[in-house]
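See below for the structure under consideration.
The values are calculated or read from the model by the stated rules, or taken from the named source; none is laboratory data. This is a predicted model, so every value here is computed, not measured. Cβ sites come from the backbone with ideal geometry, for glycine too, and all protein chains shown count toward neighbours.
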There are 2 protein chains.
Amino acid sequence: MTEMSSNSGSGGGATGRIGIGLELDATHLKILEVLRDNGRVSVSALAERVGISRANAYTRFEALRADGVIKRFTAEIDHQRAGLGIVALIFVTVRQQMWRQFRAQLAQMPEVEYCAITTGQHDAMIQVRMADVAEVHAMVTERLANIPAVKATETVFILDEVLRRPYVLPSDRGRGAQRRPAPSASPEPEQGQGQGQGQGLPLGKMRFVGAAEGRAALRDES
Amino acid sequence: MTEMSSNSGSGGGATGRIGIGLELDATHLKILEVLRDNGRVSVSALAERVGISRANAYTRFEALRADGVIKRFTAEIDHQRAGLGIVALIFVTVRQQMWRQFRAQLAQMPEVEYCAITTGQHDAMIQVRMADVAEVHAMVTERLANIPAVKATETVFILDEVLRRPYVLPSDRGRGAQRRPAPSASPEPEQGQGQGQGQGLPLGKMRFVGAAEGRAALRDES
DNA sequence: GTTGAAATTAGTACGAA
DNA sequence: TTCGTACTAATTTCAAC
């Protein structure tokens, strides 16, 4: 369960089209906003908060669900109180030609909360939640490292989870600090922080990390 | 909104106690299991699935909520269809003594879905969701890099989100592959793990990454 | 901790704008 | 499409056991 395949149209031929089905308008986004903070609101209350009629709310709600925009409803828990207060990230290097096996093994690991294939130095990032540090160690050494597909791992612990949003919406933009003026590179007029970057983009600070060797080829296999 | 502070009792004096309030029994966990997959079930249906009476379900449900074990209910959406199909991880090195500012700035960024303080080479990991790759670039160079607290960043893109579970529960263990024998640091009779783990654990494969310089001191400031 | 009945609310199905 | 209303079914609450 809980398998995804968001980006990258899985190797197939057709381009991963965006916006199949529903065309989301402002009202849809508003519904998703309400649902993000209270997934258990009644559709009546939802209609009220969004400012539409009940019937309309039912229609749209059902449409969002049927169209797959809303995948499911769930809860957010306090992991500490639930007994799993230790979080770790495990960066995995996967052996070529063994992605399918790697994925299969992952599905067998209930302690894995999140797994994503990434560009950069490693191939995948796994987030696990455990009761104590020793369990993380055991998991990495006894379970993960025993998977033939796993070539190497690198583990870091999460000291504090500063922020977590269930999801981000396009309508969220503009609520925070300054909004991005133009689509691409636009020079910000001021910003007097003598940090050294003279209003230009401190590109030296940034470092994009490309995909590891042979990554592209591997995607097809899975 | 959506601020957390799970691990590491925030600098204060009292040890971060585990299990304040509710002592979760098997029934509580079962409730959380049901709620994970269907956050909108009626309490009646919940009671039925868990195998307890309605009133009992209401009591426990309310207790979990009031005690903070359940923090909120929310939805899971298809980000691609919602218009934000690009995911990136930004690993941030934070300047000493500027954690408070770093956190404050983060709260101003609605496109940030997740942020955690980590051990290892970097200080924090930020997950953002954007409409396209250019937006990620703009976000890193124009917004993040302009924060004085940010010393350096390293960005990787997520090619595929293989797996996401809303949360992991202690009761999940044992459903996957082989189970770990003992809970914690219980003296295992066999397996003379002098340090090099007796039964052939490929420890060479693993690499734990410690905290960056001056990390411990920084925690107090935030 | 459980069961059963009353009160409230939610979900559905219409016609009208 | 969206809205408003009436109808039906379900849920929540509250009582006693």
Among the residues listed as B:E142, B:E111, the single one being among the acidic types (D, E) and free of Cβ contacts under 8 Å to residues at least 12 places away in the same chain
B:E142
Out of (1) surrounded by fewer than 18 Cβ atoms within 10 Å (Cβ to Cβ); (2) more than 7 Å from every other protein chain (Cβ to nearest Cβ); (3) at pLDDT 95 or above, the one B:V136 does not meet is (1)
What number of residues within the range B:62-95 are acidic (D, E) and farther than 25 Å from A:I126 by Cβ?
2
Could you check, for the range B:65-82, whether at least one of its residues is surrounded by fewer than 19 Cβ atoms within 10 Å (Cβ to Cβ), hydrophobic (A, V, I, L, M, F, W, C) and within 23 Å of the chain's Cα centre (by Cα)?
yes
Yes or no: B:R129 in contact with a Gly (Cβ under 9 Å, 6 or more places away or on another chain) and more than 7 Å from chain A (Cβ to nearest Cβ)?
no
All positions within the range B:142-172 that are part of a strand (DSSP E or B) and within 25 Å of A:M109 (Cα to Cα):
B:V156, B:F157, B:I158, B:L159, B:D160, B:E161, B:V162, B:L163, B:R164
What residue, of A:F102, A:F91, is in a strand (DSSP E or B), of a type in the set (F, W, Y) and more than 7 Å from every other protein chain (Cβ to nearest Cβ)?
A:F91
Report whether or not A:S10 is modelled with pLDDT under 95 and crowded, with 18+ Cβ neighbours inside 10 Å.
no
In this structure, is A:A55 among the aliphatic types (A, V, I, L, M), surrounded by fewer than 20 Cβ atoms within 10 Å (Cβ to Cβ), away from DNA strand D (no atom under 16 Å from the Cβ) and over 30 Å from A:F208 (Cβ atoms)?
no
Of everything in the range A:105-131, what is in contact with a Cys (Cβ under 6 Å, 6 or more places away or on another chain) and outside any strand (DSSP E or B)? Give them in sequence order.
A:L106
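One line per residue, one yes/no per condition, for (1) without any contact (Cβ under 8 Å) to a residue 60 or more places away in the chain; (2) under 28 Å from B:I70 (Cα atoms); (3) crowded, with 19+ Cβ neighbours inside 10 Å; (4) charged (D, E, K, R):
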residue: A:C115; (1), (2), (3), (4): yes, yes, yes, no
residue: A:V128; (1), (2), (3), (4): yes, yes, yes, no
residue: A:I147; (1), (2), (3), (4): yes, no, yes, no
residue: A:I158; (1), (2), (3), (4): no, yes, yes, no
In the range B:24-49, how many residues are away from DNA strand D (no atom under 12 Å from the Cβ), assigned to a helix (DSSP H, G or I) and either farther than 25 Å from B:R164 by Cβ or among the aromatic types (F, W, Y) (or both)?
2
Tell me which residues, restricted to the range A:40-76, are away from DNA strand C (no atom under 12 Å from the Cβ) and at the interface with chain B (Cβ under 8 Å from one of its Cβ atoms).
A:D67, A:G68, A:V69, A:I70, A:K71, A:R72, A:T74, A:A75, A:E76
